[in-house]
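Here the structure is laid out as structure tokens; the discussion comes afterwards.
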Amino acid sequence: MSTRLSAADYRSYMDTTVLPGFYNLIDKDIYAIIINRDFQIEIATDVSAKSVGYQKGQDLKGISFVDCQQLDFLNQLFKESYNDKTKDMILNYGEKLLMLQKLVFERCKVIKFIDMLPYNNEFISYITTYFPVLHPSGEVVAIQSSSIRSYILRFDGHIEKENLTYKEGAFHLRFSTRELEVLFLLSNGATQEQIAQMLGIARGTVSSLITYQICPKFSIAGANTKLLIREAITAGMHRFMPPSLWRPCLIVLNAELLDDPQLNDLFKH
């Protein structure tokens with residue numbers, strides 16, 4: 001196990017080795033940030049800052065999810081999506097991000113996840129990768145986070161923006177809120193494991209909902225997911241996001257972490 005660098009040696013290494021390699025990226029069209037060992041944003045590209053309502057990468061310096069309760073930037077980041085109803089869910093999102101960062105530092109592990117954010121009246125999804133940055137001693141001194149806009153779940157481009165609050169007399173007359181969530185996510189390409197992570201429930205619960213509650217309402221025998229997805233898309237259910245899903249969400253893509261005890265309790269809330 002490597003010895004932790006002193007504060008002075010750490011700062012020297014960051015300033016002379018880690019950060020200079022990032023400076024040329026700041027004004028490029030790249031979503032990237034460096035997170036220091038105190039879990040604070042050390043530096044970010046301008047496009048990363050603009051994606052969350054700031055102007056320059058330097059505006060993000062020092063931001064951290066360590067103390068989510070006191071983050072003034074949550075109002076800036078989520079705007080009208082941050083309210084009394086969504087506050088706990090947004091704080092839980094921050095706790096999940098922090099947990100992933102801790103795993104990178106503790107295990108020297110590359111972690112990839114889908115990061116979905118309701119921002120500026122859009123639901124934007126990114127594929128984000130956390131890379132450990134190592135000192136020659138072996139200590140993980142920072143995380144380099146790189147993201148790309150993602151259409152892995154087909155939210156962007158076809159959600160009916162004017163119906164974000166859901167029209168009366170629509171699908172909710174036949175289906176419960178949870179059933180509508182599952183139908184929307186299934187018809188937008190989410191797997192049952194991804195749906196479980198997004199909803200904070202067990203994968204078996206998702207399977208049971210599909211088999212015993214949703215399929216019968218479409219007169220589908222058993223758990224014919226392919227047929228169910230086709231019927232849901234035909235009905236246009238992929239275009240109407242239930243308001244309960246209009247919140248930030250993370251989906252971990254590392255298969256080996258899906259049963260990790262450090263993540264299970266947190267991601268099942």
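Ignoring ligands, DNA and RNA, please state the percent of accessible area on the stretch 171-217 from carbon and sulfur, probe 1.4 Å.
Here carbon and sulfur together make up 54 percent of the probe-accessible area.
Roughly how many percent of the accessible protein surface of the stretch 90-134 is carbon and sulfur, given a 1.4 Å probe and a whole-percent answer?
48 percent
Taking amide H atoms as placed 1.01 Å from N in the peptide plane, list the residues 5 or more away in sequence, or in a different chain, whose amide H sits under 5 Å from that of Ile111.
It is Tyr130, by chain and number.
Arrange the peptides 246-252, 58-64 so that the one whose residues have, on average, the most other Cβ atoms within 10 Å appears first.
246-252, 58-64
Considering only the other residues whose Cβ falls under 13 Å of the Cβ of Asp115, what net charge follows from Lys and Arg at +1 and Asp and Glu at -1?
Residues near Asp115 contribute +4 overall.
By how many nm would the segment from Arg107 to Asn83 lengthen if fully extended, with 0.36 nm per residue of separation less the alpha-carbon distance?
Stretched out fully, the Arg107 to Asn83 stretch lengthens by 5.1 nm.
Note the full-extension length gain between Arg239 and Arg203 as 0.36 nm times their separation in residues minus their Cα-Cα distance, in nm to one decimal.
10.6 nm
Just the accessible area per residue of the stretch 213-269, please: how many Å² with a 1.4 Å probe? Could the numbers behind the result be given before it?
Numbers: 2910 Å² over 57 residues.
Accessible surface, normalised per residue, equals 51 Å².
The values are calculated or read from the model by the stated rules, or taken from the named source; none is laboratory data. Keep in mind it's a predicted model, so treat the numbers as computed, not measured. Virtual Cβ from ideal backbone geometry, glycine too; neighbours counted across all protein chains shown. SASA here: full protein model, heavy atoms, side chains in, ligands and nucleic acids out. Shrake-Rupley method; radii C 1.70, N 1.55, O 1.52, S 1.80 Å.
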